[in-house]
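Participant: Take this structure, written in C-alpha cells, and hold onto it; I'll ask about it next.
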Amino acid sequence: EQVLFTMPGERVNLPDFGTAVSQLIFSPGQPELVSATQFLIQGALQQWLGSLIQVQAVQVAVEDATLNVTIHYVQKQTQQLQIARFTR
C-alpha cells in the first residue's frame, strides 16, 4: 500500500519510491491510461518489493472518482498466492 500511494519525491531519502497512482482518482478510465498504470504499478512493486514477492497480475479500474487496484502476487518465502485489493 505504501508503494502504491506514495508519490515519487515524497520520501526524502528515497526520491524514486512510490507511484503516481493517486493522481488517477479523478482521471477518466481510458484503456490506455489503465494499461500504463498497471505497468507502472507492476514495475514499482518489482523494484521495491521484488525480493519479497513475485507479481502475477495487476488490475486497475477507475469508477466515479474511485480507484480500485487488485494485485495478485506470490510471497517468495511461503510460495503462497495472495490477492490484495486497494480502493481510494
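Participant: Quick check: residue separation of ALA36 and ARG88 times 0.36 nm, minus the Cα distance between them. What number comes out in nm? Mind dumping the intermediate values first?
Facilitator: Numbers: separation 52, 0.36 × 52 = 18.72 nm, distance 1.83 nm.
Fully extending the segment from ALA36 to ARG88 adds 16.9 nm.
Participant: How big is the chain on each of its three principal axes, counting only the C-alpha atoms and giving the largest first in Å?
Facilitator: 38, 31, 20
Participant: Could you please put THR70, THR78, THR19 in sequence from largest to smallest accessible area, using a 1.4 Å probe?
Facilitator: Working: THR70 25, THR78 70, THR19 0 Å².
Most to least solvent-accessible, the answer reads THR78, THR70, THR19.
Participant: If R0 is 30 Å, what FRET efficiency do you get for ASN13 and THR70 from their C-beta distance, rounded to 0.05? Could the numbers behind the result be given before it?
Facilitator: Details: r = 30 Å, r/R0 = 1.00.
In this case the efficiency is close to 0.50.
Participant: Mind grabbing the accessible area of ASP16 for me, 1.4 Å probe, Å², rounded to tens?
Facilitator: Surface accessible to solvent at ASP16 totals approximately 110 Å².
Participant: About the Cα centre, and with charges only on the beta carbon of Lys, Arg (+1) and Asp, Glu (-1), how big is the dipole of the chain? Nearest 20 debye, please. Could you put the intermediate results ahead of the total?
Facilitator: On the way: 4 positive and 6 negative charges, 54 e Å.
Using Cβ point charges on Lys, Arg, Asp and Glu, the chain gives about 260 debye.
The values are calculated or read from the model by the stated rules, or taken from the named source; none is laboratory data. Source: prediction; values computed, not measured. Glycine gets a Cβ as well: all are built from the backbone with ideal geometry, and neighbour counts include every protein chain shown. Just the protein is used for accessible areas: all its heavy atoms, side chains included, with ligands, DNA and RNA removed. Shrake-Rupley method; radii C 1.70, N 1.55, O 1.52, S 1.80 Å.
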